[in-house]
Amino acid sequence: MTFELFLQHFINGISLGSLYALIAIGYTMVYGIVRLINFAHGDIIMLAAYFVFFGVGLFHMPWWLAALFSIVLTALVGMGIEKAAYKPLRDAPRISILISAIGVSFFLENFGIVVFGGRPQAFYSPEVFQRVIKLGNVSIISLGIIIPIIAITLLLGLVYVVNNTRTGMAMRACSKDIDTAKLMGIDVDRIISLTFGLGSALAAVGGIMWGLKYPQLHPLIGIMPGLKCFIAAVVGGIGNIPGAMLGGFILGLGEILLVAFLPGLSGYRDAFAFVILILILLFRPTGILGEKVAEKV
Amino acid sequence: MNLLEVKNITVKFGGLTAVSDFSLSLKKGEIVGLIGPNGAGKTTAFNAITGIYKPTSGGINFGGKDITRMQPDKITKLGIARTFQNIRLFSNLSVLENVLVAHHLRLKSSFAAAMLRLPGYLREERAMRKEAEELLGGLALSRFMDEKAGSLPYGQQRRLEIARALATHPKILLLDEPAAGMNPKESHELMEFIEEIRDKFDLSIFMIEHHMQVVMGICERILVLDHGVTIAEGSPEDIQGNQKVIEAYLGVETDA
């Protein structure tokens, strides 16, 4: 393989990895605070892509406005799901809320099929994202560079919010000990709601860019990225934000490079993530950056 | 008028009655102690007052408001703060952040204002920080400010828990075994410290404590719980001479 070709694959991998990272954040943040794997998170991606699709197609919005509209709407949907399906179960056994999450996921998928139609649609992609950029012998489509730039900017922004703002501080406090956080006067409901909103907004950006990258839209597109990003979060150490980012990049790069170096295995592309999941669960169940938790007895 | 009025609360868990018919009145500036053998229901009484458990029956009135079934964060906002028997700091946050997070509830700026870093937000933020730093300074915790709370020595962690509770601007402070694990010298310092913060922050204090030296030394009034039942109430002298209390702690001598 030539260096140019490697570079091309590498940029591709970073681009996919940053998408995974964006979406994985939502899993990890929610898990960090409410200890729930929000299985509906993948379908949130699908909704975001459809919101843009309808924004442009039905309401004739300019694409950037449609994207903005979709991000806001998706964040609201994420918060709404929490209010409707998870909040009433907060004191119930952990398994109930997990089942509820799976239920929401199935609901959104079937809602999509009924309301949006099951037939795949072409996602609108503005010309800006499709330009071919030549760097020496490497030619990349502009989207491949725009995705990581947007994603990394947002990830840095999120790290800033979590580490330096009061809301971020309250989120960290809640993730440590939600009962004590309540006793310190933190409005836990509001923090949880914001967490879902923030996670969903990031997933929306991820979903829109996913649509630009793989412009075929149908109500089940969220499933695979959803699962892979869940794996990314587990690989990095669920509950750990830098971990989710790291996991995302590992999965994205790994997937692309596997296919690049071993083209014979390209059919196993999706299996890669699951193999990684099995390995990590066998050898480091807390994830790469996850802390070992010594339970006090 | 009494600041806190707990009227005949009972807390049941299924068939188990953890606290039965517990009453307490706390006046402004008072220090009241709650003692009793292990498992007597002391912490349960605390949890009922702070809203973690909802009492099965009875009522709690704080400053003229019924707080019986209120959420913990709302009760904290009204002015009841507490510490814990097992230290429950946010060990992943810095010492300063632990205090700042407790200031959280008194901020007015919205999330959006914080994101946009509006001048009002920044002003509020600076004032909070200054107050938190002063508070930590007052409790001799300044030099640990940027360390992770979890890395502090035990005694400092106890102090930090109190600092965090004070940051919510309470009218009543509930201390759950503040002297646990302290040697006589440390517990003596703690007594002085409790009286000092009571005067400085204009507090009423209700505390659970096993160290008799501490309880007898600073409490004006003491309640004794045994198996969830209040078996005695009175001044330290009364309690020391009370036959029932001695029995609860030492057991009854029976003729074999």
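Looking at the range B:139-182, which of the residues that are touching a residue at least 60 places away in the same chain (Cβ under 8 Å) and basic (K, R) is surrounded by the most Cβ atoms within 10 Å (Cβ to Cβ)?
My answer is B:R164.
Looking at the range A:124-135, can you tell me whether even one residue there is more than 11 Å from chain B (Cβ to nearest Cβ), in contact with a strand residue (DSSP E or B) (Cβ under 6 Å, 6 or more places away or on another chain) and either touching a residue at least 40 places away in the same chain (Cβ under 8 Å) or assigned to a strand (DSSP E or B) (or both)?
The answer is yes, given that some residue of the range A:124-135 is more than 11 Å from chain B (Cβ to nearest Cβ), in contact with a strand residue (DSSP E or B) (Cβ under 6 Å, 6 or more places away or on another chain) and either touching a residue at least 40 places away in the same chain (Cβ under 8 Å) or assigned to a strand (DSSP E or B) (or both).
Scan (1) in contact with a Pro (Cβ under 9 Å, 6 or more places away or on another chain); (2) crowded, with 20+ Cβ neighbours inside 10 Å; (3) aromatic (F, W, Y) for the single condition B:F206 breaks and write down its number.
Every condition holds for B:F206 apart from (1).
What's the total number of residues in the range B:116-138 that are among the aliphatic types (A, V, I, L, M), exposed (fewer than 12 other Cβ atoms within 10 Å of the Cβ) and more than 14 Å from chain A (Cβ to nearest Cβ)?
Looking only at the range B:116-138, we keep the residues that are among the aliphatic types (A, V, I, L, M), and these are B:116, B:118, B:122, B:127-128, B:132, B:135-136.
Next, only the ones that are exposed (fewer than 12 other Cβ atoms within 10 Å of the Cβ) stay: B:116.
Within this subset, residues satisfying the condition of being more than 14 Å from chain A (Cβ to nearest Cβ) are none.
So the count comes out to 0.
Among the residues of the range A:137-146, are any more than 30 Å from B:D176 (Cα to Cα), within 14 Å of chain B (Cβ to nearest Cβ), touching a residue at least 24 places away in the same chain (Cβ under 8 Å) and not in a strand (DSSP E or B)?
no
Take the conditions touching a residue at least 12 places away in the same chain (Cβ under 8 Å) and within 17 Å of the chain's Cα centre (by Cα) and apply them to A:L257. Does it pass?
It is false that A:L257 is touching a residue at least 12 places away in the same chain (Cβ under 8 Å) and within 17 Å of the chain's Cα centre (by Cα).
Could you say whether any residue in the range B:218-234 is free of Cβ contacts under 8 Å to residues at least 40 places away in the same chain and assigned to a helix (DSSP H, G or I)?
no
Taking the range A:180-196 only, how many residues are within 22 Å of the chain's Cα centre (by Cα) and at the interface with chain B (Cβ under 7 Å from one of its Cβ atoms)?
Result for the range A:180-196: 1.
Hey, could you check the range B:6-58 for residues that are more than 13 Å from B:V229 (Cβ to Cβ) and touching a Gly at 6+ places or on another chain (Cβ under 8 Å) and say which is surrounded by the most Cβ atoms within 10 Å (Cβ to Cβ)?
Looking at residues that are more than 13 Å from B:V229 (Cβ to Cβ) and touching a Gly at 6+ places or on another chain (Cβ under 8 Å), I get B:V6.
Out of all the residues in the range A:150-169, which are aliphatic (A, V, I, L, M) and either over 23 Å from B:R88 (Cβ atoms) or more than 10 Å from every other protein chain (Cβ to nearest Cβ) (or both)?
Residues satisfying the conditions are A:I150, A:A151, A:I152, A:L154, A:L155, A:L156, A:L158, A:V159, A:V161, A:V162.
Identify all residues within the range A:131-176 that are of a type outside the set (V, I, T) and within 21 Å of A:E4 (Cβ to Cβ); write none if there are none. If you could, list the steps in order and put the result at the bottom.
Filtering the range A:131-176 for residues of a type outside the set (V, I, T) gives A:131, A:134-137, A:139, A:142-144, A:148, A:151, A:154-158, A:160, A:163-164, A:166, A:168-176.
Once the filter is applied, which keeps residues that are of a type outside the set (V, I, T) and within 21 Å of A:E4 (Cβ to Cβ), the range A:131-176 yields A:R131, A:K134, A:L135, A:G136, A:N137, A:S139, A:S142, A:L143, A:G144, A:P148.
Just a yes or no: is a residue in the range B:8-29 β-branched (V, I, T) and not in a strand (DSSP E or B)?
Taking every residue of the range B:8-29 in turn, none turns out to be β-branched (V, I, T) and not in a strand (DSSP E or B).
Among the residues of the range B:70-87, which ones are outside any loop (DSSP other than H, G, I, E, B) and either over 18 Å from B:F206 (Cβ atoms) or more than 7 Å from chain A (Cβ to nearest Cβ) (or both)?
So the first thing to find is which residues in the range B:70-87 are outside any loop (DSSP other than H, G, I, E, B), and the list is B:72-78, B:80-82.
Result: B:D73, B:K74, B:I75, B:K77, B:L78, B:I80, B:A81.
Quick one: in the range B:37-63, of everything that is more than 14 Å from chain A (Cβ to nearest Cβ) and among the hydroxyl-bearing types (S, T, Y), which residue is nearest to the chain's Cα centre (by Cα)? Explain how you work it out, then say what you get.
Keep residues of the range B:37-63 that are more than 14 Å from chain A (Cβ to nearest Cβ), which gives B:37-42, B:44-45, B:55-63.
Retained after the next criterion (residues that are among the hydroxyl-bearing types (S, T, Y)): B:44, B:56-57.
On the way: B:T44: 13, B:T56: 22, B:S57: 22 Å.
Of everything passing the filter in the range B:37-63, B:T44 is nearest to the chain's Cα centre (by Cα).
So, of the residues in the range A:170-179 that are crowded, with 22+ Cβ neighbours inside 10 Å and facing chain B (nearest Cβ under 7 Å), which turns out to be farthest from B:A114 (Cα to Cα)?
In this case the residue turns out to be A:A173.
Residue by residue, here is whether (1) at pLDDT below 95; (2) within 14 Å of chain B (Cβ to nearest Cβ); (3) surrounded by 23 or more Cβ atoms within 10 Å (Cβ to Cβ) holds:
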| residue | (1), (2), (3) |
| --- | --- |
| A:S200 | no, no, yes |
| A:P242 | yes, yes, no |
| A:I256 | yes, no, no |
| A:L262 | yes, no, no |
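Out of the range B:79-95, which residues are under 23 Å from B:G33 (Cβ atoms) and of a type outside the set (K, R)? Before you say what the answer is, go through the steps one by one.
Step one: of the range B:79-95, the residues under 23 Å from B:G33 (Cβ atoms) are B:79-88.
Listed by number, the residues that qualify are B:G79, B:I80, B:A81, B:T83, B:F84, B:Q85, B:N86, B:I87.
Check B:E189, B:E233, B:E209 and return the single one that is more than 17 Å from the chain's Cα centre (by Cα), of a type in the set (D, E) and within 30 Å of B:F13 (Cβ to Cβ).
Every option except B:E233 fails the conditions.
What number goes with the only condition from (1) in contact with a helix residue (DSSP H, G or I) (Cβ under 9 Å, 6 or more places away or on another chain); (2) surrounded by fewer than 21 Cβ atoms within 10 Å (Cβ to Cβ); (3) β-branched (V, I, T) that A:I45 does not pass?
So A:I45 meets the others, but not (2).
Could you tell me which numbered condition B:E30 fails, if it satisfies all but one of (1) within 13 Å of another protein chain (Cβ to nearest Cβ); (2) within 24 Å of B:H210 (Cα to Cα); (3) among the charged types (D, E, K, R)?
(1)
The values are calculated or read from the model by the stated rules, or taken from the named source; none is laboratory data. Since the model is a prediction, treat every value here as computed from it, not as a measurement. Cβ: placed from backbone, ideal geometry, glycine included. Neighbour counts: every protein chain shown.
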